[in-house]
Amino acid sequence: MTRSEFIQVNDRPCRFKLKSGKEVFGVIWENSTEQTPVYFFATLGERFDVRNKNGFGVTIHLEDIVGAELINSSLVG
């Protein structure tokens, strides 16, 4: 996935297909406080859990993502 493709799904619920062939559901967001952007992945429950105020996730590389499909956000809850 390129950065321009990423911008369209930034911090939005998606189904991601990884280079390994696995599919995961969650969100990816960018931490641009670094000189080089760092990307994080979390499941929907982890990302939108009100107790998780910092939005911690697992680092991920955009080149490991081969596809993304937006999930209807009305289904999240």
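Just so you know, all these numbers are worked out from the coordinates, no wet-lab data involved. These numbers were taken from a predicted model, which means no experiment stands behind them. Note: ideal-geometry Cβ built from the backbone for every residue, glycine included; neighbour counts use all protein chains shown.
Would you work out the Kirkwood radius for segment 3-71? I mean one over the mean of 1/r across all pairs of different Cα atoms, in Å. Don't skip to the answer; put the middle values down first.
Details: mean 1/r = 0.0819 Å⁻¹.
With all distinct Cα pairs of segment 3-71 included, I get 12.2 Å.
Remark: spin-label model distance Val38-Leu62 equals 1.7 nm, labels positioned 7 Å along the Cα→Cβ axis.
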